[in-house]
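The values are calculated or read from the model by the stated rules, or taken from the named source; none is laboratory data. Here the structure is a predicted model, which means the values were calculated and not measured. Don't worry about glycine lacking a Cβ; one is built from the backbone with ideal geometry, like all the others, and counts go over all protein chains shown. Areas reflect the complete protein model, heavy atoms only, side chains present, ligands, DNA and RNA absent. Shrake-Rupley method; radii C 1.70, N 1.55, O 1.52, S 1.80 Å.
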Amino acid sequence: MGFDLYGRGPFSTDEPIYPKSDDSEKKEKYFAERQKFEKNNPGHYFRNNVWWWRPLWEFICDVAAKDILTLEDAERGCYNDNWLIGKTKAKRIAKNIYKLHEVGAIKKYKEEREKFLGELPEVECNICEGSGYRNMDDSNVSTVCTTCKGKGKREDFDTNYPFDVENVIDFAIFCEHSGGFRIG
C-alpha cells in the first residue's frame, strides 16, 4: 500500500496520454514523454509507500506544518481518500520545510527519532508468542521462528518505519510546485 499524491497544477506542459494500442514504439514514446513531463513538473506526483509515508506525515503534522494544517487535515492525510491540501497550505509547508532544513532541524529530528527508536525495548514476538518456535503445519513439528530467530523477542514494530531528510526535501519540492494536492 502506498500514498500517491497528485498536484493540482497548473503544469508547464500537458500530461502525456497512454496509448490505446499495444504498439511497443508508441508505448516507449509515451514512457519517454512521461519521464520528461515528470521531470519538468515536480509538483505533479509524489509517492511514498506506507512505511515511508507515516513518519514523513507525522513530521509534517508535528513539526513542519503544525500551525498550517487543521486537525482534520492531519487525520485525513493518514488515509487514501483523496483529501485535498490547498495551494496556500502546500506552499507554506514547503517554505517551512526549507527553513527547517537550513537550520539543521530535519537532520536533528531524524537523529532524535533514531535514538528514540534505538532505545525502545524489544517486544514479545507476536508470531511465535514468545516461545522462539512455531508450528509450520498441523504435524506438531516445531521449527525456529524466522521472525525472532528463536529469541522470543523482536524489535518494536515502529522501527520498521524509516525517516530520511532527502525524502522530506523531495516532499517540499513537490509541495512547492503542486498547486495544492490530493492524498490518495
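Amide H contacts for Tyr133 (H built 1.01 Å from N in the peptide plane; partners 5 or more residues away or on another chain; cut-off under 5 Å): Cys145. For region 1-160, the per residue solvent-accessible surface stands at 69 Å², with DNA, RNA and ligands left out and a 1.4 Å probe. Computed in the context of the full set of protein chains, the accessible area of the chain at 1.4 Å probe radius has 49% of its extent on carbon or sulfur. Net charge of the neighbourhood of Gly9, taken over other residues with C-beta under 12 Å away and scored Lys/Arg +1, Asp/Glu -1, is +1.
Compute the Cα gyration tensor for the chain, then decide on rounded, prolate or oblate, letting a ≥ b ≥ c be the square roots of its eigenvalues: rounded whenever a/c is under 1.5, prolate when a/b is larger than b/c in the other cases, and oblate in all that remain. Oblate shape, in that a/c is at least 1.5 and b/c is the bigger or equal ratio. Under 1.5 on a/c is rounded, so check that first for region 77-131, then, if it is not, pick prolate when a/b is larger than b/c and oblate when it is not; a ≥ b ≥ c are the square roots of the alpha carbon gyration tensor eigenvalues. It is oblate, given that a/c is not under 1.5 and a/b is not larger than b/c.
Surface calculation, 1.4 Å probe, protein heavy atoms: Ile169 sits at approximately 30 Å² accessible.
Peptides 107-114, 88-95, 17-24 ordered by packing proxy, namely the average of other Cβ atoms within 10 Å per residue, highest first: 88-95, 107-114, 17-24. Close amide H pairs (under 5 Å, H built 1.01 Å from N) link Ala65 with no residue at least 5 positions away or on another chain.
Between Glu28 and Glu102, the contour length at 0.36 nm per residue exceeds the alpha carbon distance by 22.6 nm.
Mean residue ellipticity, 222 nm, helices only, the chain: the sum of -39500 (n - 2.57) across DSSP H runs of n ≥ 4, divided by residue count and rounded to 500, is -13500 deg cm²/dmol.
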